[in-house]
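Trainee: First the structure, then my questions, so here it is.
The values are calculated or read from the model by the stated rules, or taken from the named source; none is laboratory data. Quick caveat, the model's predicted, so the values are computed rather than measured. Heads up, the Cβs are rebuilt from the backbone with ideal geometry, glycines too, and the neighbour counts pull from every protein chain shown. Each accessible area value is taken on the protein alone, full model and side chains, heavy atoms only, with ligands, DNA and RNA left out. Shrake-Rupley method; radii C 1.70, N 1.55, O 1.52, S 1.80 Å.
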Amino acid sequence: MPLALLALAVSAFGIGTTEFVMMGLLPDVADDLGTSVPTAGHLVSAYAIGVVVGAPLLTAVGSRIPRKRMLLLLMTLFTVGNLASACAPGFGWLLGGRFLAGLPHGAFFGVGAVVAARLVPEGRRARAVATMFLGLTVANVVGVPAATLLGQHLGWRATFLVVAAIGLCALAALARLVPQVPFDAHRGLGRELRALGDRQVLLGLLTAVFGFAGVFAVYSYLSAMTTEVMGFGESAVTPVLALFGIGMTLGALAAGPLTDRALRPTLYGSLGALAVVLAVFPFVVHVRWAALVLVVLLGGVGFMTTTPLQMLVMNKAKDAPTLASASNHSAFNLANAGGAWLGGAAIAAGWGWTSPAPVGAALAVVGLAVAVVAGLLDRERTPGASRVVARAQARPARDDAPVDAR
């Protein structure tokens, strides 16, 4: 794999760390700024709103900017946002810093995925995109626990200063290792918008909203489930969250080659497995060892959906994939917010701490149904696809075979 993918992974590591670390720092931030923990929770929402707004907006603004320069500008904005968070004199300023840090998130992954796919032969593009996403998953295993521990001992501002330093390292790596993408390969905004309106792209985004919401319906309340349902003490929360991150990493490692080999079957399989894991969760979560296994599985099958969804929208918008790729991350963050809200609503209704799991299972089933409908519609649009697939299955698979997005 090219060294440029390492620069993209380092950038993803910084973005993943700042995205999730606030969940562990909420009590410290609330105490320091004189507000309540529920109010401090708006800092999580502010970042997510920044992602949803920034992904299409910054991608559109940068539609004529060469991709390497765009990556550098986005990482600069990310670094400034984290510095602003570290220096915020009050809650309102910190809210603005979190929003600013979230703005480049979706656009960076959208542009980065396109660049990663162009760095390797066609038959290895999903693996290249998955390698970039490894930085995001490793952040949940190493970055978030370490940054949370740092914030608890040296203050939450130190956490954002360290994340800003990671941003500076990522900037240096991007400038040194990522090659220039020819400007004439970059498409204009009009073509990007037309590609985003493709039916298959829209169905892919809808699949992400419903399917990935199932993951966050449970993950958002995993800390509470660890102490209230699994029977562990508060000291076990960080290791349990790290287990989820390990599952994410394993899922990302598996998703790349599987997606290169068979995109839609990988998507169907991961969504189906996610629904099963979530459906079983309430029945075995009281058994500690089984609960820990399910946490790893939840992270694994949940994150296995991201690479095929990313490649699907890029393939279907192949003439102008950047805006569609970035919008996919808006869809993931809508899934985060929607899944957390529905899971919280189930708990508030008195259905118990494990009630987000069946809610998540239902969301995953809806996502799977949308994905299957999209696949059937795509097959109808290309009636010869079944014969092509049948002939391809009759031959041995090759590593350099192109991705079949149908």
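Trainee: Starting with the highest mean, order 270-276, 126-132 by the number of other Cβ atoms within 10 Å, averaged over the residues of each peptide. Let's see the in-between values first.
Mentor: On the way: 270-276: 23.0, 126-132: 26.4.
Averaged packing, sorted descending, gives the order 126-132, 270-276.
Trainee: Choose one answer from Gly247, Gly344, Gly214: the residue with the largest mean-square fluctuation in a GNM of the chain with alpha-carbon springs under 10 Å.
Mentor: It is Gly344.
Trainee: How much length, in nm to one decimal, is gained on full extension between Glu234 and Asp32, taken as 0.36 nm per residue of separation minus their Cα-Cα distance?
Mentor: 70.6 nm
Trainee: Oh, and also: Considering Cα pairs under 8 angstrom that are at least six residues apart, work out the relative contact order of the chain and quote it in whole percent. Walk me through the intermediate numbers first.
Mentor: Values: 778 pairs, mean separation 99.6, N = 406.
Relative contact order here is 25 percent.
Trainee: Along region 65-75, what does the Karplus equation 6.51 cos²θ - 1.76 cosθ + 1.60 (θ = phi - 60°) give for ³J(HN,Hα), rounded to whole Hz, x for Gly and Pro?
Mentor: Working through the residues one at a time gives 8, x, 5, 4, 4, 5, 4, 5, 5, 5, 5 Hz.
Trainee: From the phi angles alone, apply the Karplus equation (6.51, -1.76, 1.60; θ = phi - 60°) to region 12-20 and give each ³J(HN,Hα) in whole Hz, x where the residue is Gly or Pro.
Mentor: Whole-Hz 3J(HN,Hα) from phi for region 12-20: 5, 4, x, 5, x, 5, 6, 5, 9.
Trainee: On to the next question. Can you run phi through the Karplus equation (6.51, -1.76, 1.60; θ = phi - 60°) for region 110-125 and list ³J(HN,Hα) in whole Hz, with x for Gly and Pro?
Mentor: For region 110-125, the Karplus curve yields x, 5, x, 5, 5, 5, 4, 5, 7, 7, 10, x, 4, x, 10, 5 Hz.
Trainee: Then there's this: Report the charge-dipole magnitude of the chain in Debye, nearest 20, computed about the Cα centre from +1 at each Lys and Arg Cβ and -1 at each Asp and Glu Cβ.
Mentor: 1480 debye
Trainee: With the chain treated as a Gaussian network of Cα nodes joined by springs under 10 Å, which of Met304, Met230, Met248 yields the largest mean-square fluctuation?
Mentor: Met230
Trainee: Follow-up. If each of Thr39 and Leu3 carries a label point 7 Å out from its Cα toward its Cβ, how far apart are those two points in nm?
Mentor: Distance between the two pseudo-spin positions: 5.0 nm.
Trainee: Determine the per residue accessible area of the chain with all protein chains present and a 1.4 angstrom probe, expressed in square angstrom.
Mentor: Result: 40 Å² of accessible area for each residue.
Trainee: Can you send over the carbon and sulfur percentage of the accessible area for the chain, probe radius 1.4 Å, protein chains only?
Mentor: Solvent-exposed carbon and sulfur of the chain make up 68 percent of the total.
Trainee: Return the distance in nm (one decimal) between the two label points of a simple spin-label model at Ala60 and Leu168, each offset 7 Å from Cα along Cα→Cβ.
Mentor: Simple spin-label model gives 3.5 nm for this pair.
Trainee: Relative contact order for region 17-153 using alpha-carbon pairs under 8 Å, separation at least 6, rounded to a whole percent? Working shown, then result.
Mentor: Working: 153 pairs, mean separation 43.8, N = 137.
Across region 17-153, relative contact order equals 32 percent.
Trainee: Just name one of Val111, Ala364, Pro179: the one whose Cα is farthest towards the positive end of the charge dipole of the chain (beta-carbon charges, Lys/Arg +1, Asp/Glu -1).
Mentor: Pro179
Trainee: Ok, one more. Which one of Met314, Phe216, Trp353 is farthest out on the positive end of the charge dipole of the chain, using unit charges on Cβ (Lys, Arg +1; Asp, Glu -1) and the Cα centre as origin?
Mentor: Highest projection toward the positive end goes to Met314.
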